[in-house]
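A.B. asks: Once you've had a glance at the structure underneath, I'll fire off some questions.
The values are calculated or read from the model by the stated rules, or taken from the named source; none is laboratory data. Worth saying up front: this structure is predicted, and the values here are computed from it rather than measured. Counting neighbours? That spans all protein chains shown, and the Cβs are built from the backbone with ideal geometry, glycine included.
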Amino acid sequence: MFVSAYWECRGDPTNPESSFMSDTIALAAPSVGVTAAAARRIGEILAGEHGATALRISVEGGGCSGFQYKYDLTDAAAPDDLVVDRDGARVLIDPVSLEYMAGSELDFVDNLMGAAFKINNPNATSGCGCGTSFSL
């Protein structure tokens with residue numbers, strides 16, 4: 001869980017006649033959504049893989065736009081992973097990747113161009129045609 005805090009000063013803290021206050025604000029942990037189509041496809045993939053219990057998504061440097069998504073099947077979550085469960089499908093995201101993916105939604109699209117996972121990432125400022133590479 002990510003928690004952020006700040007200190008707000010108004011006035012002079014050394015002057016008792018000055019207005020002075022401090023606040024601490026806890027922010028909610030970033031999240032990633034999974035569509036029903038993505039959950040269904042993850043379930044189909046995991047059913048055919050002995051020992052795999054989750055889809056791990058990570059962000060790595062590279063690709064034609066600077067960053068790229070990586071998908072792996074795994075059998076265990078790390079203690080600090082974000083775990084997203086939907087309709088029997090499990091998605092794992094490590095904390096570093098989550099910083100780049102906060103607020104994203106994992107989808108699965110099947111159209112004339114092919115079938116693939118697609119991440120709708122509000123943090124990405126541009127992407128490539130393949131849909132797996134993005135920049136911030």
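A.B. asks: Say we look at segment 29-62 and pick out the residues that are out of contact with any helix residue (DSSP H, G or I) (no Cβ under 7 Å at 6 or more places or on another chain), within 16 Å of Y100 (Cα to Cα) and surrounded by fewer than 18 Cβ atoms within 10 Å (Cβ to Cβ); which of these is modelled with the highest pLDDT?
C.D. replies: G33
A.B. asks: Step by step: first the residues of segment 107-136, then only those that are of a type in the set (F, W, Y) and under 24 Å from D85 (Cβ atoms), then the one that is modelled with the highest pLDDT. Which residue is that?
C.D. replies: To start, the set of residues in segment 107-136 that are of a type in the set (F, W, Y) comprises 108, 117, 134.
Going one step further and asking which of them are under 24 Å from D85 (Cβ atoms), we end up with 108, 117.
Working: F108: 95, F117: 92.
The qualifying residue modelled with the highest pLDDT is F108.
A.B. asks: Select from segment 79-117 the residues that are part of a strand (DSSP E or B) and acidic (D, E) and write down the one among them that is farthest from I57 (Cα to Cα).
C.D. replies: Per the criteria, the residue is D110.
A.B. asks: Could you count how many residues in segment 63-86 are in contact with a helix residue (DSSP H, G or I) (Cβ under 6 Å, 6 or more places away or on another chain), surrounded by 12 or more Cβ atoms within 10 Å (Cβ to Cβ) and of a type outside the set (A, V, I, L, M, F, W, C)?
C.D. replies: Residues flagged as in contact with a helix residue (DSSP H, G or I) (Cβ under 6 Å, 6 or more places away or on another chain), surrounded by 12 or more Cβ atoms within 10 Å (Cβ to Cβ) and of a type outside the set (A, V, I, L, M, F, W, C) within segment 63-86 amount to 1.
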